[in-house]
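Trainee: Quick one: the structure is below, questions incoming.
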Amino acid sequence: MAFSGLRGASSGLLAVLKKGSRLGRRKPKEKNTPALAQSAQESANPPIASLAPLTKIISQYLDPKDVERVREAYRFSDQAHLGQFRASGEPYISHPIAVTEICAGWKLDTDALMSALLHDVIEDQDVTKQELAEKFGTDVAEIVDGLSKLERLEFATKTQQQADSFRKMLLAMSRDVRVILIKLADRLHNMRTLDAVKPEKRRRVAQETLDIYAPIAHRLGLNALFRELQDRCFKAIYPNRYKVLHKALLAARGNRREVLGKITEAVKIALPAAGIDAEISGREKSLYSIFCKMVEQKKSFSDVLDIYGFRIIVHTLPECYLSLGTLHQLYRPVPGKFKDYIAIPKVNGYQSLHTTLIGPYGTPVEFQFRTREMDHVAEEGVASHWLYKEEDVTLNDLQKRTHRWLQSLLDIQSQTGDSTEFLEHVKVDLFPDAVYVHTPKGKIISLPRGATPVDFAYSIHTDIGNHAVASKINGEFAPLRTELKSGDSVEIITSPAARPSAQWLNYVRSGRARSEIRHYLRTVKYEESVAFGRRLLDQAFDQLSLPHATDDDPNWDKLAKGSGAASREEILADIGLGKRLAAVVARRFAPENPLLETTAAEFDEISANTSAPILIHGNEGQAVQLAPCCGPLPGDAIIGGIRLGHGLVVHMAECAVAQRAQAKEPERWVPVMWDSNTARHLSTRLDVTAINERGVLGRLAAEITDADSNILHISMPDESAATSVLHLTVQVDSRTHLARVIRAIRHVPQVQKIVRVKG
């Protein structure tokens, strides 16, 4: 019964919040139509929404005055949703009541409960935020507004609207975690009533829940909610597989009853004998987790043995370890299956000891050991320690972790260009797995699985990440792209001259590192583009025999207004990035007609007179890039192409790539030449054909080093052949320096041929 084809949690990400909080709901504008009223009346025994169960729950922990405030919010919501029904035929008010009951189960405060009852009134019934603030207070209005989607604004695409809505909710959540708790309760009730909607919508909503809301629940430590959401999504997306697996699990439960009974009896005898008073409970893995294991390990259900486990709940932390030792004496532990999440809690605050033991008949069984408080946190996460009543109360470790993650959302937001990119970064941070590494001083840092020293550096401080040049892992130097493992000791070596590289984006895993790198690259690219745009403009002024425009020239403002630019710097950046032609901008400063619209004939005339080449240093940064296809060096004949959004790209004149591009768009190519003072350490590529003998590679490296060059990259596709072609990327200062390196390589007797790669 092996399954395949599980869609990953990354699919359908941008389908977030698409009518998510109004599952199965009629459109509000239709709420008073006779058809709806008839539909509700014709449903067999239509249920009546009652506030009694909710009142019973909240009366156990709220003051009578607060209970009355909740009732007032109910009356307002009930009136707002009057005449509105769900697809099941229930009055719509039953949904806010159900959501509030879930929140009351977490013992959320009065404002949160009122917000849960009112969470759809802004979105559906045109109630304003101001109206809610006047009637129920600012906190309630802010929470409800955070839960409302951005449907009244104009967006370029539906995807952009969904991403903006999700960003709004997450930012509201970063200011007040009650927003996401209510949203999760809303989504849970929608999943519980998913059978009332069409199969296509059922699958879509289930997929977005699996992609986003279940990971958020896990990130906040709401494990009971996390497991229920996963199982309900599994049932909606793969209904047939769910039925088959559920049936198989019921059969297995009966077949293994004897084994589980023997283990239970043995444990109930062993623990009291060791002086441990413990509560013992059996549990099954969720259907979705069993399904994922079958898919990942390509196993049938009968091959997945560890589907049952036991939870041992004790009174004190030392008893957790004592219970573990007692059961290790009773049954043989499986090597490598012990995990201590008490000493090193999971990123969501989860604490427990895990071990897998070989029970009777060779059946592997997992045991978890935890205290009552740990069990409470494991099931309800951040909601298990609700502390809104006292602002100066000391936060526990779980709340501190949650606060740090929520704060990181604000950091990512401040460094992110748009909603889609923000959503991408947040999605990265929702990975449930983590690795735990520590600093040289012993501080433990949790990072997403697959994280590298670059992620570690940015988790410590932005400046450390921006200036990282190397890393030490367990005392040994290691590349910055090395994947970290739990238990590694990591040290970052920095340099004031170091800067982030765009290549880092290929292997960083944390949302914060990714957003910080992109923010830096955008900022530097903008600054370099402004400087390069100024160079191009000044050169255009000289070619047109016009005086250079000063920074306070009034024509800048006129030009900016006329072209839609925000400032002088933006115009210069556009010139540097190739979005505007320097000659056309310079012509606007001509004294006879500063704002003359340049015609095609004038543009041809300007272009014909702008033959003076642009001087290239080679270290201008991202505004001027040396083409990687041919790797031009000082001394080579070069040409430059203005690539829209990327600035000037410099190629060798003989580069086939450049020649093809120039033939297509000749107007974007400008004359360039090397400056007399060029940059050092430019890269170029060589293909070296050599006899494949022992020690050849070492001899090559030694000769290249003696020629004062450095090897950046080396590869040899066919290592078994008698003669191999080595692909080298080396650093040189100029064409003359490259010739010296090539002569040095020829000293190696096994070398048969050397070719510089030029395209």
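Trainee: Look through region 176-209, keep the residues that are more than 23 Å from residue 142 (Cα to Cα) and under 25 Å from the mean Cα position of the chain (by Cα), and return whichever of them is surrounded by the fewest Cβ atoms within 10 Å (Cβ to Cβ).
Mentor: Only one residue tops the list, namely 203.
Trainee: Within region 228-238, is there a residue that is of a type in the set (Asp, Glu), surrounded by 14 or more Cβ atoms within 10 Å (Cβ to Cβ) and in the same structural domain as residue 207 (by TED's automatic domain parsing)?
Mentor: yes
Trainee: Same structure, new question: Answer with yes or no whether residue 453 is surrounded by 18 or more Cβ atoms within 10 Å (Cβ to Cβ) and at pLDDT 85 or above.
Mentor: Yes: the conditions hold for residue 453.
Trainee: Does region 736-756 contain at least one residue that is under 40 Å from the mean Cα position of the chain (by Cα), β-branched (Val, Ile, Thr) and more than 25 Å from residue 643 (Cβ to Cβ)?
Mentor: no
Trainee: Taking the condition in the same structural domain as residue 629 (by TED's automatic domain parsing) and crowded, with 17+ Cβ neighbours inside 10 Å, does residue 648 pass?
Mentor: Considered against the rule, which asks whether it is in the same structural domain as residue 629 (by TED's automatic domain parsing) and crowded, with 17+ Cβ neighbours inside 10 Å, residue 648 comes out as yes.
Trainee: Touching a helix residue (DSSP H, G or I) at 6+ places or on another chain (Cβ under 7 Å) and on the phi < 0 side of the Ramachandran plot: does that describe residue 338?
Mentor: Judged against the criteria, residue 338 is not a match.
Trainee: Select, from 300, 286, 323, 281, the only residue that is free of Cβ contacts under 8 Å to residues at least 60 places away in the same chain, closer than 26 Å to residue 210 by Cβ and polar (S, T, N, Q).
Mentor: So the residue among 300, 286, 323, 281 that is free of Cβ contacts under 8 Å to residues at least 60 places away in the same chain, closer than 26 Å to residue 210 by Cβ and polar (S, T, N, Q) is 286.
Trainee: Identify, from the list 736, 684, 689, the residue that is modelled with pLDDT of 85 or more and within 30 Å of residue 526 (Cβ to Cβ).
Mentor: One residue alone meets the criteria, 684.
Trainee: Would you check if there is a residue in region 310-317 being farther than 21 Å from residue 272 by Cβ and not assigned by TED's automatic domain parsing to the domain that holds residue 224?
Mentor: No, that holds for no residue.
Trainee: Does residue 231 qualify as being modelled with pLDDT of 85 or more, in contact with a His (Cβ under 7 Å, 6 or more places away or on another chain) and not β-branched (Val, Ile, Thr)?
Mentor: Against the criterion (modelled with pLDDT of 85 or more, in contact with a His (Cβ under 7 Å, 6 or more places away or on another chain) and not β-branched (Val, Ile, Thr)), residue 231 does not qualify.
Trainee: Quick test for you: out of 253, 257, pick the one residue that is loosely packed, with under 15 Cβ neighbours inside 10 Å, in contact with a Leu (Cβ under 9 Å, 6 or more places away or on another chain) and within 25 Å of residue 330 (Cβ to Cβ).
Mentor: The conditions single out 253.
Trainee: Is there a residue being at pLDDT 85 or above, within 35 Å of the chain's Cα centre (by Cα) and aliphatic (A, V, I, L, M) anywhere in region 631-640?
Mentor: Among the residues of region 631-640, not one is at pLDDT 85 or above, within 35 Å of the chain's Cα centre (by Cα) and aliphatic (A, V, I, L, M), which makes the answer no.
Trainee: Might you check whether a residue that is on the phi < 0 side of the Ramachandran plot and at pLDDT 80 or above occurs anywhere in region 251-259?
Mentor: So far as region 251-259 goes, no, none of its residues is on the phi < 0 side of the Ramachandran plot and at pLDDT 80 or above.
Trainee: Which numbered condition in (1) of a type in the set (A, V, I, L, M, F, W, C); (2) modelled with pLDDT of 90 or more; (3) closer than 15 Å to residue 182 by Cα is the only one that residue 144 fails?
Mentor: Failed condition: (2).
Trainee: OK, next. Please state which one of 307, 280, 290, 269 is modelled with pLDDT of 80 or more, assigned by TED's automatic domain parsing to the domain that holds residue 350, buried (at least 18 other Cβ atoms within 10 Å of the Cβ) and not basic (Lys, Arg).
Mentor: Step by step, each of 307, 280, 290, 269 is checked, and only 290 is modelled with pLDDT of 80 or more, assigned by TED's automatic domain parsing to the domain that holds residue 350, buried (at least 18 other Cβ atoms within 10 Å of the Cβ) and not basic (Lys, Arg).
Trainee: Being at pLDDT below 85 and on the phi > 0 side of the Ramachandran plot is the filter here, so list the residues in region 112-140 that pass it.
Mentor: Within region 112-140, 126 is the sole residue that qualifies.
Trainee: For residue 159, state whether it is in a helix (DSSP H, G or I) and modelled with pLDDT under 75.
Mentor: yes
Condition check ((1) farther than 30 Å from residue 589 by Cβ; (2) in contact (Cβ under 8 Å) with a residue 12 or more places away in the chain; (3) among the hydrophobic types (A, V, I, L, M, F, W, C); (4) crowded, with 19+ Cβ neighbours inside 10 Å) across all residues:
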residue: 498; (1), (2), (3), (4): yes, yes, yes, no
residue: 504; (1), (2), (3), (4): yes, yes, yes, yes
residue: 510; (1), (2), (3), (4): yes, yes, no, yes
residue: 517; (1), (2), (3), (4): yes, yes, yes, yes
residue: 523; (1), (2), (3), (4): no, no, no, no
residue: 536; (1), (2), (3), (4): no, yes, yes, yes
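The values are calculated or read from the model by the stated rules, or taken from the named source; none is laboratory data. Worth saying up front: this structure is predicted, and the values here are computed from it rather than measured. Backbone-built Cβ (ideal geometry, glycine too); neighbour counts: all protein chains shown.
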